[in-house]
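Below is one structure, written out as structure tokens, with a few remarks after it.
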């Protein structure tokens, strides 16, 4: 048995342990019920490591920049991600789905698109499964989020995307200035699905109407003794123009039956196999070597059809635009009228009497037999817009009293103007719309000028045709 002194020491030690345990329990209970003031909290919160995105969500990225306020980020037909979508763009084309770290959207062509950043810093939409440039959506600490390259950890593209109501910024890599502030807005998946279903129904209806219009145009452009020509110019090997010309050759029979496509081509620069392809599509090729004159003279060459004594009626069109029903019905109106000259103005930037690739005339007009002479006398063929300046200076004064115009925006400014006889398609396509080599329309011509902008009442055939 331990000596008395040792027993006393052990008893004191046990008593002290018991006292400490009781004090700790009391302090813990008190701390649970005590208000925690800000000074009691840690001064800095530890940053959690980056983690994968939250479960699947559908968002609309509403742009908040001064020039894009109220519009949404979407994928344009040309492939760029732009803050240009308003309520006229179907909801499913504005709905970004975030799932498994991916931010994807319906590209409008039946394919899902994802965001990528090109070497020049431009944010673009690419096919979900295409290419090697893989970006993934990540959250950082619940407060910052971004598109991070899976293997290279590149600079973020989005900030603060995680929380509805917080502003984010679309930033291009290698640039530090914000390009497109936005407000994320959560969408109801059912509403998005309904939008997609409605678009499918609308597409079927549009196809039905197109078939009806083609049948009607066969009646309007019935066989005739009148020789009718669509004139285009082609020089160089740029696919935008070469492939565009080929696409137009395929459309002639559909929208301009009884008309013939004539291509004024430069033998020194247009690939010979493409000329053979055009001939196989029944295009009439007028071939010359323009190397001594310069390629820009091609813009004037197409006008020479006006002097051809074998042509009764012609229209001039650009190879990078597309023949369509809206154009054809306007031309049919002109054919049935007493006017000798026709022009179309279907965009806010078409505000001039004659546009280079959107006018035509008959052999009875005042310009017949004079155009080539005037063109060769014109002082500057190489200036930007020289063909427009030539028309304004030398052709317009001769024909201004005999022009019928179909005009969507400036009908009050020009005599002889009337609205288009057909309603503008829902995608805002217009006569003279520019297309690229892959048959995609140039969206900046629409977003910056036409989308959501009502045409003047006097320039629409019906009150309810807000956009012409």
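Each reported figure results from applying straightforward, stated rules to the coordinates on display, with no laboratory input. Just so you know, these numbers come straight off a predicted model, no measurement behind them. When we count neighbours, we look across all protein chains shown, and the Cβ atoms used for this are built from the backbone with ideal geometry, even at glycine.
With both labels modelled 7 Å from their Cα along Cα-to-Cβ, the residue 189 to residue 382 distance reads 6.2 nm. Going from the residue with the fewest nearby Cβ atoms within 10 Å to the one with the most, 364, 262 rank 364, 262. Treating r as the C-beta distance of residue 449 and residue 415 and R0 as 25 Å, the FRET efficiency rounds to 0.55. The fewest-to-most ranking of 269, 417 by surrounding Cβ atoms within 10 Å reads 269, 417.
Note on residue 227 and residue 457: their simple-model spin labels are 4.8 nm apart, each label 7 Å out from Cα toward Cβ. Spacing of the modelled spin labels on residue 370 and residue 438, each 7 Å from Cα toward Cβ, amounts to 4.6 nm.
As a calculated quantity, the FRET efficiency between residue 203 and residue 349 at R0 = 25 Å, using C-beta atoms, amounts to about 0.30. Going by neighbour counts of Cβ atoms within 10 Å, the residues 409, 384 line up, fewest first, as 384, 409. Subtracting the Cα-Cα distance of residue 287 and residue 310 from their residue separation scaled by 0.36 nm leaves 6.5 nm.
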